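Read through the structure below, which is laid out as structure tokens, and then see the notes.
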Amino acid sequence: MHSRLDKETISKHLKDIGSDTTYSYLPAAGFIANEDAAVEIAEPILFNIYGEDHVTDQKPYQVNLIDSVWVVNGTLPINYTNGGTFFIALNKKDGKVLHISHGK
């Protein structure tokens, strides 16, 4: 059997997050340390918004690290003129989603 935190305790922890970072863990390489991690974080977010089939149809993904921001975007077949691709930017350090869009 496992003990669980009650909602009151969880709420207290959430309030303390903003004021006390003493015990907060931050990996030296950031939470998104490599290209594979960027894709693993981006995909479920994009699947939820655009649908898994629509996102995976845009493989191979283009993944770039620019100024501590992972940019993951879809690609389209050459000469394809009907639509655009997704674009998601993730902060390497803290994993925050900075931007999501989809071309038309």
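The numbers here are math on the coordinates, done by the rules we state, and not lab data. Values in this document were obtained by computation on a predicted structure and should not be read as measured data. Heads up, the Cβs are rebuilt from the backbone with ideal geometry, glycines too, and the neighbour counts pull from every protein chain shown.
Each Lys and Arg Cβ is given +1 and each Asp and Glu Cβ -1; about its Cα centre, the chain then shows a dipole of about 240 debye.
Cβ crowding within 10 Å, taken as a proxy for footprinting-reagent exposure, orders 9, 85, 56 from fewest neighbours to most as 9, 56, 85. Ranked by how many other Cβ atoms sit within 10 Å of their own Cβ, fewest first, the residues 5, 76 fall in the order 5, 76.
What is the percent of Cα-Cα separations in the chain that go past 18 Å?
In whole percent, the long-distance tail amounts to 58.
Taking only Cα atoms and a 10 Å spring cutoff, compute GNM fluctuations for the chain and point out the largest among 51, 83, 30. Per the Cα network of the chain with a 10 Å cutoff, 83 tops the list. Taking the number of Cβ atoms within 10 Å of each Cβ as an exposure proxy, the fewest-first ranking of 80, 25, 61, 50 is 25, 80, 50, 61. Here the gap between residue 25 and residue 59, fully extended at 0.36 nm per residue and compared with their Cα-Cα distance, gives a gain of 8.9 nm. With the charge dipole of the chain set up from +1 on Lys and Arg Cβ and -1 on Asp and Glu Cβ about the Cα centre, the Cα lying farthest toward the positive end among the listed residues 99, 74, 48 is that of 99. Seen against the Cα atoms of the chain and their longest principal axis, helix 35-50 is set at about 80 degrees.
Each other residue within a Cβ distance under 11 Å of residue 32 adds +1 if Lys or Arg and -1 if Asp or Glu, for a net charge of -1. Rounded to the nearest 10 degrees, the inclination of helix 7-17 to the longest alpha-carbon principal axis of the chain is 70 degrees. Summary value for segment 28-102: 30 percent relative contact order, contacts being C-alpha pairs under 8 angstrom separated by 6+ residues.
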